[in-house]
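Just below is one structure, and these are the notes that go with it.
Only the coordinates and a few stated rules stand behind these numbers; no lab work does. Since the structure is predicted, the reported quantities are computational estimates derived from the model, not experimental observations. All Cβ positions, even for glycine, are placed from backbone atoms using ideal geometry, and neighbour counts span all protein chains on display.
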Amino acid sequence: MSLIVGLGNIGQEYEGTRHNIGFEIVDAIAETLSTTFRPGNGPFVVAEGRHRGRKVVLIKPTTYMNRSGVAVRKALSEYKTDKQDCLIVYDDLNLDVGDVRLRPQGSAGGHNGIANIIELLGTREFPRLRFGIGNDFPKGRQVDFVLSPFNNSDQKYLEEGIQKAHDACLHFAREGIAKTMNNFN
């Protein structure tokens, strides 16, 4: 079984923003798996499905981004899953729009959601998929940028990137992080 956790913020005002790309990616996977999200037994919504005979559990925290670790820790416990079988999907300012990078571990890189996960799990060793959202913003306007929608010129890269991230997540569910990195980085 694999857990795929898309990070984002709950609430209609955050829908379609750069910071919610993790939610969009797991939504796309849920559609492929013909499953829908329902309240989970913790601070998250959950959708369960099967991909090539393997159970896939999709999680969207309901804690807001900066407290994502609370939901991840509870989901790992609830589904009795090892950290190595849990892929965290999130936005990254250091990558161009639509670029996808997978890593088996790493630092928070300035991302508050990842920092909270590292803090509450007590480790930096968990797989993650970073999705590029670009960084075209004036100095001091990072928060406004990540909470803004993608612009029209980003759409082509966005659609291609979401498809690539979707495919990488399902590959992870079948093959794990090492083989997925070899195929998608």
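Only Cα sites of segment 50-126 enter the Debye sum here, all with the same form factor; the resulting log10 I(q)/I(0) across q = 0.17, 0.22, 0.25 1/Å is -0.70, -1.12, -1.33, listed in q order. Could you give log10 I(q)/I(0) at q = 0.18, 0.19, 0.20, 0.24 Å⁻¹ for segment 1-63, computed by the Debye formula over C-alpha point scatterers of equal weight, without solvent? One equal scatterer on each Cα of segment 1-63 leads to -0.59, -0.65, -0.72, -0.99.
Global size of the chain: 14.9, 48 Å for Rg and Dmax (C-alpha atoms, Rg to one decimal, Dmax whole). Shown here for segment 95-177: trypsin sites (Lys or Arg not before Pro) in loop regions (DSSP other than H, G, I, E, B) with at most 16 other Cβ atoms within 10 Å, namely Arg124, Lys139, Arg141. Annotation for segment 20-61 versus segment 79-96: alpha-carbon center distance of 14 Å. Taking the Cα centre of segment 2-97 as origin and assigning +1 to Lys and Arg Cβ atoms and -1 to Asp and Glu Cβ atoms, the resulting dipole is close to 540 debye.
Find me the longest stretch of the chain that has none of the exposed GluC sites (Glu not before Pro), where exposed means in a DSSP loop (not H, G, I, E or B) with at most 14 other Cβ atoms within 10 Å.
Values: sites that count: Glu15, Glu125.
Segment 16-124 is the longest.
For segment 2-184, DSSP calls about 55 percent of its internal beta bridges antiparallel.
Treat every Asp and Glu Cβ in the chain as -1 and every Lys and Arg Cβ as +1, leave all other atoms uncharged, and give the resulting dipole magnitude about the Cα centre to the nearest 20 debye.
Values: 23 positive and 22 negative charges, 138 e Å.
Roughly 660 debye for the chain.
Output the pairs from Lys80/Lys139; Lys60/Lys179; Lys83/Lys156; Lys74/Lys139; Lys60/Lys156; Lys80/Lys156 with a Cα-Cα distance over 31 Å in this structure; if there are none, say none. The answer is Lys80/Lys139; Lys83/Lys156; Lys74/Lys139; Lys80/Lys156.
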